[in-house]
Amino acid sequence: QARLVESGGGTVQAGGSLRLSCAASRSIFSINPMGWYRQAPGKKREEVAAFTTGGSTYYADSVKGRFTITRDNAKNTVYLQMNSLKPEDTAVYYCNVAGLRPTVYEYNYWGEGTQVTVSS
C-alpha cells in the first residue's frame, strides 16, 4: 500500500529552522530515490531537494546552501532540514519519488503535505 505522510511543518520567523519528515511506505522507499517538492499559493509545484540515482543530491537554486535532504533507510523516512528560512519558502511541502516530471504531477499519488509558513 502506497503511503506518504509528511510532518514537521509550522510557523517560524525568517531566519529560523524546521526539520520536515516524510514517512513512506516500503513499496515506495525501497525502490525509488526520494525527493521534496513544494507548492506555494498561485505557483506551480516544484522539486526543491532530491536524491539522485547515483546517490548524490540535487537542490533547487532557491534553496541551495540552506536546505539539506537526508534519509533513514531503516525507518523508510526522508528528512528535509531547512535553515535560514525566508518568507518566500512559505508553501506546502510534499515528499515523493525524486525526479518526477511536472507533466505527471497531476496523475501521481501525493500525501497531504505539511504547511511551512515563514513570517518576516
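The values are calculated or read from the model by the stated rules, or taken from the named source; none is laboratory data. None of these values were measured; they are calculated from a predicted model. Neighbour counts are summed over all protein chains in view; Cβ atoms, including those assigned to glycine, are modelled from backbone coordinates with ideal geometry. Calculation scope for accessible area: heavy atoms of the full protein, side chains included, ligands and nucleic acids excluded. Shrake-Rupley method; radii C 1.70, N 1.55, O 1.52, S 1.80 Å.
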Next item on the list: Could you check, for the stretch 91-109, whether at least one of its residues is over 12 Å from G8 (Cβ atoms), loosely packed, with under 13 Cβ neighbours inside 10 Å, hydroxyl-bearing (S, T, Y) and at pLDDT 95 or above?
Entry: no
Next item on the list: Could you please give the count of residues in the stretch 1-33 that are among the hydrophobic types (A, V, I, L, M, F, W, C), under 11 Å from the mean Cα position of the chain (by Cα) and either modelled with pLDDT under 95 or within 15 Å of T117 (Cβ to Cβ) (or both)?
Entry: 1
Note to self: Show the residue pairs meeting these rules: Cβ distance below 7 Å; 6+ apart or different chains; first residue within the stretch 1-26 and farther than 14 Å from R71 by Cα; second residue of a type in the set (F, W, Y) and crowded, with 19+ Cβ neighbours inside 10 Å.
What the structure shows: G9/Y93
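Quick check on this structure: which one of S62, S84 is surrounded by fewer than 15 Cβ atoms within 10 Å (Cβ to Cβ), touching a residue at least 40 places away in the same chain (Cβ under 8 Å), within 21 Å of A14 (Cα to Cα) and hydroxyl-bearing (S, T, Y)?
Just a single option satisfies the conditions, and that option is S84.
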Notebook entry, point to check: So which residues in the stretch 68-80 are in a strand (DSSP E or B) and not hydroxyl-bearing (S, T, Y), if there are any at all?
Noted result: I69, R71, D72, V78, L80
Next item on the list: Out of the residues in the stretch 6-44 that are of a type in the set (K, R) and open to solvent by 50 Å² or more (accessible area, probe 1.4 Å), state the one that is farthest from Y105 (Cα to Cα).
Entry: R19
Margin query: Of everything in the stretch 1-13, what is of a type in the set (A, V, I, L, M, F, W, C) and touching an Asp or Glu at 6+ places or on another chain (Cβ under 9 Å)? Give them in sequence order.
Written below: L4, V5
Notebook entry, point to check: Within the stretch 63-85, how many residues are closer than 16 Å to L20 by Cβ and over 13 Å from the mean Cα position of the chain (by Cα)?
Noted result: 7
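For the stretch 34-44, check the following and say yes or no: at least one residue is among the polar types (S, T, N, Q) and more than 11 Å from the chain's Cα centre (by Cα).
No, the stretch 34-44 contains no residue that is among the polar types (S, T, N, Q) and more than 11 Å from the chain's Cα centre (by Cα).
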